[in-house]
Amino acid sequence: MGMKQAPKKTYRTANGKAVDMDLLRQRNELVPAVGNARVNARGDELGPNGKIIRKREDILADFYKQADDASAAATVATPEVVTQSVPVQYEEDEEFEEYNRKSNDE
């Protein structure tokens, strides 16, 4: 079963021109991003002169491997809960005893 593709995102500008956002994103995929993140639009890590050091796929694989390792290390056996039953003794009121005697007499 194939995945259903999302329809193309085409927007109209204030001047009435059509802008295809998917095409624009695809054309600028390898252009360095603005800012100090040192990545391009795809998410590849960039080095000096904009050369790709690590591809996006490698970065994601490392991230998920670290997450799996961390979750395996964080799994802790749950402690066994031990409960003991202790008999509870109540102090009985005179009114309570009188009520029980009256209800038993009837």
Among the numbered criteria (1) exposed (fewer than 10 other Cβ atoms within 10 Å of the Cβ); (2) modelled with pLDDT of 75 or more, which single criterion is violated by N104? (2)
Residue satisfying condition, being among the charged types (D, E, K, R), at pLDDT below 85 and surrounded by 10 or more Cβ atoms within 10 Å (Cβ to Cβ), within set E92, E98, E57: E98
Selected residue (criterion: nearest to A61 (Cα to Cα)) from residues of region 23-39 that are of a type outside the set (V, I, T) and over 27 Å from the mean Cα position of the chain (by Cα): L30
So which residues in region 9-39 are assigned to a loop (DSSP other than H, G, I, E, B) and either among the basic types (K, R) or closer than 21 Å to K55 by Cβ (or both)? K9, K17, N28, E29, L30, V31, A33, V34, G35, N36, A37, R38
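Before we move on, is K9 touching a helix residue (DSSP H, G or I) at 6+ places or on another chain (Cβ under 7 Å) and either loosely packed, with under 10 Cβ neighbours inside 10 Å or more than 26 Å from D58 (Cβ to Cβ) (or both)?
Judged against the criteria, K9 is a match.
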Do you know which of the residues in region 16-30 that are surrounded by 11 or more Cβ atoms within 10 Å (Cβ to Cβ) and in contact with a strand residue (DSSP E or B) (Cβ under 6 Å, 6 or more places away or on another chain) is modelled with the lowest pLDDT? L30
Please tell me if R42 is under 25 Å from F63 (Cα atoms), outside any loop (DSSP other than H, G, I, E, B), charged (D, E, K, R) and touching a residue at least 12 places away in the same chain (Cβ under 8 Å). no
Does region 72-80 contain any residue that is at pLDDT 75 or above, surrounded by 10 or more Cβ atoms within 10 Å (Cβ to Cβ) and not acidic (D, E)? no
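The values are calculated or read from the model by the stated rules, or taken from the named source; none is laboratory data. Please read these numbers as outputs of a predicted model, since none were measured by experiment. Glycine gets a Cβ as well: all are built from the backbone with ideal geometry, and neighbour counts include every protein chain shown.
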